[in-house]
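> The structure's right below; bear with me while I get my questions together.
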Amino acid sequence: MSFGLLGLFGVPVEVGRSRTAAMVIGLDDDYTIHLVHRYRAVVRSGVTTATEIMGRTLASTGMAICLDAGVVMASFGVLMLSQFRPNFYLGSMVALTLGACVLVTLTVLPALLAVVRPRFLSAAARPSTVQEAVQSHPLEDRVP
């Protein structure tokens, strides 16, 4: 998104500005992981309807994601007050792109999870001991 806006406004893309993409991916992947982890916990608790799963997931994790992202965006947004142009671009690009990523995490990702329903989200919990793991997956079933 930020690169599209740069192109739209005629701002050249250079190495310094392109590094922001890696920064934002590093910041936003945490939000996605938190949402998917909570979604999985809600599914494993026995909730079956997609709306209730998402309601419970977003009621707890959604607020935390919004607050965290708001603080990070505001922190980088302070750089937009800088007279030093590289700092201005860094702050504006990270704040805007992170905002878009959080918006996608809270809207598109839940919709995808509700439609696709990946198996790993509803799989049973991992065995807690090695013995349980061996008993649940015996080797003789795998050897030809």
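> Looking at V115, V94, V104, V78 in this structure, which one is of a type outside the set (F, W, Y) and either closer than 17 Å to H34 by Cβ or part of a loop (DSSP other than H, G, I, E, B) (or both)?
V104
> Further question on the same structure: Conditions first: (1) in contact with a helix residue (DSSP H, G or I) (Cβ under 8 Å, 6 or more places away or on another chain); (2) modelled with pLDDT under 90. R85 passes all but one, so which condition is the exception?
Of (1) in contact with a helix residue (DSSP H, G or I) (Cβ under 8 Å, 6 or more places away or on another chain); (2) modelled with pLDDT under 90, only one is false for R85: (1).
Condition check ((1) in contact with a Cys (Cβ under 9 Å, 6 or more places away or on another chain); (2) surrounded by fewer than 14 Cβ atoms within 10 Å (Cβ to Cβ); (3) over 21 Å from F120 (Cα atoms)) across all residues:
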| residue | (1), (2), (3) |
| --- | --- |
| V15 | no, yes, yes |
| A22 | no, yes, yes |
| V43 | no, no, no |
| T49 | no, yes, no |
| M54 | no, no, no |
| T57 | no, no, no |
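> Does S122 fit the bill of being modelled with pLDDT under 75 and under 15 Å from T57 (Cβ atoms)?
yes
> Another question, then. For the range 71-81, what are the residues that are in contact with a helix residue (DSSP H, G or I) (Cβ under 9 Å, 6 or more places away or on another chain) and either of a type in the set (V, I, T) or surrounded by 14 or more Cβ atoms within 10 Å (Cβ to Cβ) (or both)?
V72, M73, F76, G77, V78, L79, M80
The values are calculated or read from the model by the stated rules, or taken from the named source; none is laboratory data. As the structure is a computational prediction, the values presented were derived from the model and not from experiment. A quick note on method: Cβ atoms are made from the backbone with ideal geometry, for glycine too, and the neighbour counts reach across all protein chains shown.
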